[in-house]
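Working notes, structure below.
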Amino acid sequence: MLSAADKIGFPHRREIVAVVVAVLPFILNFYSVSTVNGRITSYSDFADIVLGAIVLYLTFNNRVFITEGEAKYKVIRIVLTVALVIVGVFHVLSGAGLLVNLPYPLGYGS
């Protein structure tokens, strides 16, 4: 349940925090890489995994603004939520090393 002050306006401070946390893994890297003959065999980025999970958590907690917030901001909040979920899933998959040996436009490291 949102207070009357939280129902007014866009963006809310919790939405701003979610966007900032979504951008941090592009800047911060704490990774571990193993290579054999120049090919990456193991990759993990701990900042991507942790911050991606935090983005997903914050995004799912912010969905209350879609249902209880002002109606005129509903569409932009749905778009923001979908974008943050996609970015959060990307960070978790990337950090776990699942995007390493995909072909060029999709992955990296091959």
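Model label points for A83 and I40, set 7 angstrom from Cα along the Cα-to-Cβ axis, are 2.6 nm apart. Based on DSSP H segments of at least four residues, each scored -39500 (n - 2.57), the chain has a per-residue ellipticity at 222 nm of -17000 deg cm²/dmol. Distances between placed amide hydrogens fall under 5 Å for T41 paired with S34, T35, V36, all partners being 5 or more residues away or on another chain. Peptide packing for 80-90, 27-37, 63-73 was compared via the average number of neighbouring C-beta atoms within 10 Å per residue; ordered from the highest value, the list is 80-90, 63-73, 27-37.
The orientation-averaged projection of the convex hull spanning the C-alpha atoms of segment 1-60 amounts to 5.2 square nanometres.
Distances between placed amide hydrogens fall under 5 Å for A96 paired with D45, all partners being 5 or more residues away or on another chain.
Here the gap between V33 and S3, fully extended at 0.36 nm per residue and compared with their Cα-Cα distance, gives a gain of 6.1 nm. The alpha carbons of the chain occupy a box of 60, 23, 18 Å along the principal axes, longest dimension given first.
Taken together, the values in this text are just the output of simple stated rules run on the coordinates, not laboratory data. Fair warning: this is a prediction, and the values are worked out from it, not measured in the lab. Neighbour counts run over all protein chains shown; Cβ positions are idealised from the backbone, glycine included.
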